[in-house]
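Working notes for the structure below.
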């Protein structure tokens, strides 16, 4: 589909980003999936290519680009031509913005340049063994000891948890307040900060996911991010962008699955003709083509709204719900049309299938997205009486 939101400078940037992912990322994908994490130096190479934190100010080494379409292009090109397990989107668009928006001048000057260069790899730790989407159920705690904070608790399912040099950790600071949370900067090597095993997952095998443990981690006061009682508000503030980022990635994966399935059904023959010529397959792909184009239009529109600072939580939830559910249907149809080959890991459609299953869970499950959209319609029992 023709996409009308991009200008010539975006197209030139896309060509450059595509060449980077084809040359520096794609050739290593199989090895990274086998070892369970990407090589650290891919972040440094991405930094040298100007692909990390494009929005960061020039004094921090960034390009100072406020147009999110450039980050959208990076996300799309990495998934299409690179390796989905290289979580450049998490580093640049989900974690670093907290530091930029909430950090003190000293924190920003100390941290952001190394994030732009790729020397520092970022992660954020919210999920706990007993608290996922319900942030108010968080049990990790941070106690104010006067000249420092003392952090105790555990986090799980943390993306980039194995490689991260700096982790933003959400912790309870007010035990008697449901939403009394704070955000803390925990650095690799701090006494009491330990990483558990890298978790084995159904998909996303090149993306390291780990447990993190905090046992009397002594945090200096300068490692508090923003107001230590406003963490819940900060987390909800950034969720709309996080969900739009997830939608961009899911739809890019759906597009890849569509393209390779279309190529396959044109070539694979059964009963003397290409299997794509059978009406069921033809109609299925026609319907999916229309859905992909429609959701792409919605996502592109929401990227422009994000640029304007007017993207709402409900609009982001719509994008994530539609894109991730569509991704799931597309990869399922792709496996089915590949037949037995679709079940073989050597075929990309098989990896796309297993990679996609978590999309409807992370950054808020599909059920949570429907709750958000429904409440936006005024369908909340607390307001309806």
* Structure fact -> Here the residues within the stretch 82-102 that are touching a strand residue (DSSP E or B) at 6+ places or on another chain (Cβ under 7 Å) and farther than 17 Å from residue 164 by Cβ are 102
* Asked: Is one or more of the residues making up the stretch 148-160 part of a loop (DSSP other than H, G, I, E, B), closer than 15 Å to residue 224 by Cα and assigned by TED's automatic domain parsing to the domain that holds residue 197?
  -> no
* Residue by residue through the stretch 351-385, note down the ones that are in contact with a helix residue (DSSP H, G or I) (Cβ under 6 Å, 6 or more places away or on another chain) and surrounded by fewer than 20 Cβ atoms within 10 Å (Cβ to Cβ). => 366, 373, 376
* Structure fact -> Screening 70, 60, 86 for residues that are touching a helix residue (DSSP H, G or I) at 6+ places or on another chain (Cβ under 7 Å), over 30 Å from residue 371 (Cα atoms), in contact (Cβ under 8 Å) with a residue 12 or more places away in the chain and crowded, with 23+ Cβ neighbours inside 10 Å leaves only 86
* Structure fact -> In the set 69, 59, 33, the lone residue that is under 18 Å from the mean Cα position of the chain (by Cα) and farther than 22 Å from residue 159 by Cβ is 69
* Asked: Which fully enclosed helices (runs of 4 or more DSSP H) of the stretch 321-385 have 1 or more residues being modelled with pLDDT of 95 or more?
  -> 348-356, 366-376
* Asked: Would you pick out the residues in the stretch 163-179 that are modelled with pLDDT under 95 and either under 22 Å from the mean Cα position of the chain (by Cα) or within 15 Å of residue 131 (Cβ to Cβ) (or both)?
  -> 175, 178, 179
* To do: Just name the residue that is nearest to the chain's Cα centre (by Cα) out of those in the stretch 133-147 that are surrounded by fewer than 18 Cβ atoms within 10 Å (Cβ to Cβ) and not in a strand (DSSP E or B).
  => 133
* **Some residue of the stretch 322-335 being out of contact with any strand residue (DSSP E or B) (no Cβ under 7 Å at 6 or more places or on another chain) and more than 30 Å from residue 266 (Cβ to Cβ)** => no
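The values are calculated or read from the model by the stated rules, or taken from the named source; none is laboratory data. Only a predicted model underlies this, so the values are computations on that prediction, with no experimental measurement involved. Cβ: placed from backbone, ideal geometry, glycine included. Neighbour counts: every protein chain shown.
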